[in-house]
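Notes to accompany the following structure.
The values are calculated or read from the model by the stated rules, or taken from the named source; none is laboratory data. Since this is a predicted model, take the numbers as computed values, not measurements. Quick reminder, even Gly has a Cβ in these numbers, built from the backbone with ideal geometry, and neighbours come from all protein chains shown. All accessible areas refer to the heavy atoms of the entire protein, side chains included, with ligands and DNA or RNA removed. Shrake-Rupley method; radii C 1.70, N 1.55, O 1.52, S 1.80 Å.
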Amino acid sequence: MVIYLDNNATTKVDERVLEAMLPYLKEDYANPSSMYEFSVTPANAIAEARGKVKDFLGAKNEKEIIFTSCGSESANTAIKGAVAHNKGKKHIITTKVEHPCVLNTYKYLEKQGYKVDYIGVNSNGELDIDELKEKITDDTALVSVMWANNETGVIFPVEEIGDIIKSKNPETLFYVDAVQAAGKIPINVKDTNIDMLGVSGHKFHAPKGVGVLYVKSNVILPPLIIGGHQEKGRRAGTENVPYIVGIGVAAELAQNALEYEGTEVKRLRDKLETGILKRTYNSRLNSSINNRVPNTCNIGFEYIEGELILLHLSDLGICASSGSACTSGSLEPSHVLRAMGTPFTALHGSIRLSLSRFTTEKEVDYAIEKIPEVIDEIIKISPYQNELAHLRERANKGK
Ligand code: PLP
C-alpha cells in the first residue's frame with residue numbers, strides 16, 4: 001500500500017496523458033522536422049500541445065512557448081539568457097528561498113563576476129517586497145522570484161513584483177519559477193510584467209523529462225542548448241514529441257481541475273493539517289495559513305528528527321519528505337526554513353506533505369491516524385524529555 005503525500009516532489013502520470021502520448025512512442029514516431037508526409041502528424045501534435053500550454057499560461061501567442069526537458073533547464077535557459085541579453089549589467093536579485101536549480105545557477109554566475117542580492121522572508125515565509133524594491137538599480141540585469149515555494153507552498157505576489165521592477169528599471173528582466181504554482185493556482189502571464197516563466201510537466205501529472213519556458217515575445221534570449229533549428233533556434237535537439245504531447249494534455253487537464261484543486265484538494269489538505277496539529281502537542285505550522293497553494297503543508301515537530309519521521313512513515317507506506325527532494329538525503333536543515341527563522345528546535349523535525357487531485361479522503365484519514373502515532377513513538381526516544389514535558393504541559397493548559 002502506498003499513501004503518496006509527496007506531490008511537490010513529483011506526481012503520478014494521468015492515464016489520459018499516457019494514452020495521448022502512446023501513439024507517438026509507437027506508430028507516429030517520425031522526426032517532426034522531416035520533409036515527408038509521415039512527419040506531419042507529429043509536427044501537428046507539437047503545434048497542438050503548444051496551443052494548449054499557451055492557453056494554460058495565458059500567453060499571447062504560441063511563439064512565446066519553448067519546450068524544454070525540465071524546470072531546471074527552463075530556469076537555466078532564462079537566467080543565463082537574461083544576463084547575456086542584458087550584457088554589461090552585473091547585478092541580479094533573487095530570494096533566499098528559491099529552488100536549488102535557481103540558487104545554484106546564481107552561485108555559478110557569482111563566480112563569473114555577478115553580484116547577487118538574496119531577499120529574505122518573514123517567519124510565515126512571505127517575501128520582503130520593500131527590500132526587493134530598494135535593491136533594484138540601473139545595473140540590475142535580472143530579478144527572479146518563484147511563484148510558489150516548493151517546501152512551504154507560500155505564494156509570492158509575482159504580478160505586483162513585476163510592476164515594481166518595471167517601474168524602477170524597464171530594462172531589468174523578470175523570471176518567475178512557476179514550477180510549484182502550475183496546476184495549483186491560476187497562471188495568467190497576459191498583461192503582467194513577467195518576461196519569462198518556467199514550469200515542469202512532472203509536477204502536474206505529465207511525465208518527468210519535459211518542461212516549458214515562456215518567453216514574452218519582445219524578449220530575445222540566446223539559447224542554452226545550441227544546435228539545430230528546433231523551437232525556432234531557441235532550444236536545439238530533436239523534439240521529444242510524446243512528452244510534449246503529454247505536457248499539452250496535462251496542461252489542459254490541470255486547467256480544468258483548478259477549481260477542484262482550490263476546493264477539494266484544499267479541503268483535504270486542511271483536514272490533514274488540522275488533524276495532525278490537533279493530535280500532536282510538539283507541532284507547529286511552518287508557513288502562512290492562507291497565502292499558500294492548496295495542496296501543501298509543512299509541519300515542524302519540535303525536539304525530534306525529521307529523517308526518523310520519514311523512515312517510520314515509509315514503513316507504513318506513507319510517502320512524505322523533508323524539504324525539497326534535492327536537499328533531502330543530506331542532513332543539512334532546509335535553507336527555506338532557515339531563511340524563515342524557524343526555531344532550531346523544529347528545524348530538523350519538519351516534514352512536508354503535499355497532495356494532488358488523486359489524493360483520497362481515505363488516504364488522508366489513514367495519515368491523520370498514523371502520523372501522530374509515529375510522532376508519539378519518536379518522542380519516547382528523544383533526548384529532550386524535559387523540553388517536551390514543558391511543551392506537553394503548555395498544550396494541556398491551552399485546552
Ligand atoms: N523549481 C521548483 C520550485 C521546484 O520545486 C523544482 C523541482 O522540485 C524545480 C524548479 C526543478 O524542476 P525539475 O525537477 O523539472 O528540474
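Kindly give the semi-axes, whole Å and largest first, of the ellipsoid equivalent to the range 125-179, taking each as the square root of 5 times a Cα gyration tensor eigenvalue.
Details: eigenvalues 84, 26, 15 Å².
Over the Cα atoms of the range 125-179, the semi-axes work out to 21, 11, 9 Å.
Setting aside same-chain residues fewer than 8 positions from Lys135, which lysines have a Cα under 16 Å from its Cα?
Filter leaves Lys89, Lys90, Lys96, Lys115, Lys166, Lys168.
Roughly how much of Ser217 is accessible, in Å² to the nearest 10, using a 1.4 Å probe?
80 Å²
Please turn the phi angles of the range 87-96 into ³J(HN,Hα) values with the Karplus equation 6.51 cos²θ - 1.76 cosθ + 1.60 (θ = phi - 60°), one per residue in order, whole Hz, x for glycine and proline.
Rounded to whole hertz, the list is 3, x, 8, 10, 10, 10, 10, 9, 10, 6.
With runs of 4+ DSSP H residues as the only contributors, calculate the mean residue ellipticity of the chain at 222 nm using -39,500 (n - 2.57) per run, divided by the residue total and rounded to the nearest 500.
Calculated at 222 nm, the ellipticity per residue is -12000 deg cm²/dmol.
Could you quote the convex hull projected area for the range 160-211, Cα atoms only and averaged over all directions, in nm²?
4.0 nm²
Quick one: Karplus J couplings for the range 251-263, per residue in order, coefficients 6.51, -1.76, 1.60, θ = phi - 60°, nearest Hz, x for Gly and Pro?
So the Karplus estimates, Gly and Pro as x, are 5, 5, 5, 5, 4, 5, 8, 4, 5, 4, 4, x, 10 Hz.
Using a Gaussian network for the chain with springs between C-alpha atoms less than 10 Å apart, which of these wobbles most: Val219, Val145, Val13?
Of the options given, Val219 has the highest mean-square fluctuation.
Write down the percent of antiparallel bridges among all DSSP beta bridges whose residues are both part of the range 127-273, to the nearest 5.
40 percent
To the nearest 10 square angstrom, what accessible area does Ser123 show with a 1.4 Å probe?
80 Å²
Work out the FRET efficiency for Phe358 and Asn44 from their Cβ-Cβ distance, taking R0 = 22 Å, and round it to the nearest 0.05. Intermediate results must be reported in sequence, preceding the final value.
On the way: r = 30 Å, r/R0 = 1.37.
The formula returns an efficiency of 0.15 here.
Give, in whole angstrom and from largest to smallest, the semi-axes √(5λ) of the equivalent ellipsoid of the range 80-164, with λ running over the eigenvalues of the Cα gyration tensor.
So the equivalent ellipsoid measures 21, 15, 11 Å along its semi-axes.
Accessible surface of Tyr214 in the full protein assembly, 1.4 angstrom probe, to the nearest 10 Å²?
10 Å²
Across all directions of projection, what mean area in square nanometres is found for the Cα convex hull of the range 169-294? Let's see the in-between values first.
Values: hull surface 42.6 nm².
Mean orientational projected area (the range 169-294, Cα hull): 10.6 nm².
Please give the charge dipole size of the chain, origin at the Cα centre, charges +1 on K and R Cβ atoms and -1 on D and E Cβ atoms. Round to the nearest 20 debye.
It works out to roughly 520 debye.
What ³J(HN,Hα) values, in whole Hz, does the Karplus curve 6.51 cos²θ - 1.76 cosθ + 1.60 give for the range 71-85 when θ = phi - 60°, with x put for Gly and Pro?
Couplings: x, 5, 5, 4, 5, 4, 5, 5, 5, 5, x, 5, 6, 5, 4 Hz.
Considering only DSSP beta bridges whose two residues both sit in the chain, what percent are antiparallel, to the nearest 5?
Antiparallel bridges make up about 50 percent of those DSSP assigns within the chain.
Identify, among Cys101, Leu18, Val158, the residue whose Cα sits farthest towards the positive end of the charge dipole of the range 15-256, taking +1 on the Cβ of Lys and Arg and -1 on the Cβ of Asp and Glu, with the dipole about the Cα centre.
Checked the options; the winner is Cys101.
Roughly how tilted is helix 306-315, in degrees to the nearest 10 and between 0 and 90, from the longest Cα axis of the chain?
90 degrees
With angles folded into 0 to 90 degrees, how steeply does helix 158-168 sit against the dominant principal axis of the chain? Use alpha carbons for both and round to 10.
Long axis of 158-168 versus the principal axis of the chain: about 60 degrees.
Amide H of Thr68: which non-local residues (sequence gap of 5 or more, or other chain) have their own amide H closer than 5 Å, using H built in the peptide plane?
Residues meeting the amide H criterion: Gly211, Val212, Leu213.
Under a cut-off of 25 Å between alpha-carbon atoms, report the lysines in cross-link reach of Lys52, not counting same-chain residues fewer than 8 places apart.
Lys12, Lys26, Lys60, Lys63, Lys184, Lys190, Lys203, Lys208, Lys216, Lys232
More than 30 Å apart: what percent of Cα pairs in the range 15-256 qualify?
24 percent
With a 10 Å cut-off between alpha carbons and a GNM built on the chain, which of Asn150, Asn76, Asn386 moves the most?
Asn386
So how do Ile289, Ile187 rank on accessible area, 1.4 Å probe, biggest first, that is with the largest at the start?
Ile289, Ile187
How many percent of the accessible area of the chain is carbon or sulfur, using a 1.4 Å probe?
On the way: 8960 of 17070 Å².
Solvent-exposed carbon and sulfur of the chain make up 52 percent of the total.
Near the amide H of Ser350, under 5 Å away, which other amide H atoms are found, from residues 5 or more places off or on another chain, if H is placed in the peptide plane?
Answer set, sorted by chain and number: Phe301, Gly306.
How much accessible area per residue does the chain have, counting only protein heavy atoms and a probe of 1.4 Å, in square angstrom?
Ligands and nucleic acids excluded, the figure is 43 Å² per residue.
What per residue convex hull volume, in Å³, comes out for the range 341-399 when only alpha-carbon positions are used?
Hull volume over Cα atoms, normalised by residue count, gives 135 Å³.
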